[in-house]
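Chemist: Input: one structure, supplied below.
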Amino acid sequence: MTAVRAVLLDRDGTLVEDVPYNGDPALVRPMPGAAEAMALLRSRGVPAAVVTNQSGIARGLIGWDDMGRVHARIDELLGPFHAWAVCPHGPDDGCACRKPAPALVLDAARRLGAAPAECVVIGDIGSDMDAARAAGARGILVPTPVTLPEEVREAPAVAPDLLTAVRAALDGPWPRPAGADGRTPARVPAHAARRADRAATAAAQTAAQSAQTAQAPGPARAAARTAGRAAARTAARTATARRPS
């Protein structure tokens with residue numbers, strides 16, 4: 001197997017907790033094992049880069065300066081990283097850089113002086129693995145609660161956390177693909193549990209509000225109940241829902 005000369009990491013959900021379209025450095029929280037994984041790479045002299053889709057820029061939700069401040073905070077907590085490769089486009093923009101396209105991986109590999117085959121891409125969803133495959137790099141999936149079962153099944157290799165993935169990339173043994181059942185070997189991180197708690201609370205509040213309309217006239221009562229059920233389902237789904245990065 002080709003020696004690993006560089007490790008390329010997805011940002012949200014892999015290096016740091018996934019805060020949708022985050023432009024606030026104060027909200028940056030490293031994922032479990034991220035600090036130890038980066039320390040291991042530095043101790044072995046293996047350069048690391050970040051490859052990340054940031055469609056919040058195209059959507060007008062964050063600016064380049066906002067993203068720069070977030071990246072500076074990530075560098076402060078986990079870096080410094082040797083390169084940042086960013087796609088600022090939206091899903092419908094038709095660019096060549098947005099993962100699962102390979103351009104971010106190819107660009108980061110070039111900037112780190114490594115051939116794609118000498119790079120390992122670590123991420124939490126299928127587009128990270130597809131970008132690695134398209135670029136000719138190896139990929140390791142570190143699933144989170146938003147990772148789809150089919151993405152786990154189709155991943156070339158699966159690790160339960162970032163530190164395990166980095167250890168495997170450097171020293172082996174190479175992680176095995178998931179079984180046919182697609183079970184995710186990831187531990188549910190605390191931030192996902194907090195999202196679930198918030199969603200459950202929101203669902204309960206919605207149900208309570210709907211109950212208060214029980215004495216309303218018939219059509220209004222039926223409409224309120226329907227809206228309440230829909231809002232509760234939406235709140236529950238947001239506990240682990242994936243948003244377009």
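Chemist: Relative contact order for the stretch 1-61 using alpha-carbon pairs under 8 Å, separation at least 6, rounded to a whole percent?
Modeler: Worked out over the stretch 1-61, it gives 47 percent.
Chemist: For residue 3 paired with residue 43, estimate the spin-label separation in nm (one decimal), with each label point 7 Å from Cα along the Cα-to-Cβ line.
Modeler: Each label point is offset 7 Å from its Cα along the Cβ direction, giving 2.0 nm.
Chemist: Sticking with this one: Sort 151, 76 by accessible area with a 1.4 Å probe, largest first.
Modeler: Putting 151, 76 in descending order of accessible area: 76, 151.
The values are calculated or read from the model by the stated rules, or taken from the named source; none is laboratory data. Only a predicted model underlies this, so the values are computations on that prediction, with no experimental measurement involved. Methodologically, a virtual Cβ is constructed for each residue, glycine included, from the backbone with ideal geometry; neighbour enumeration extends over all protein chains shown. Note: areas computed on protein heavy atoms with side chains; ligands, DNA, RNA excluded. Shrake-Rupley method; radii C 1.70, N 1.55, O 1.52, S 1.80 Å.
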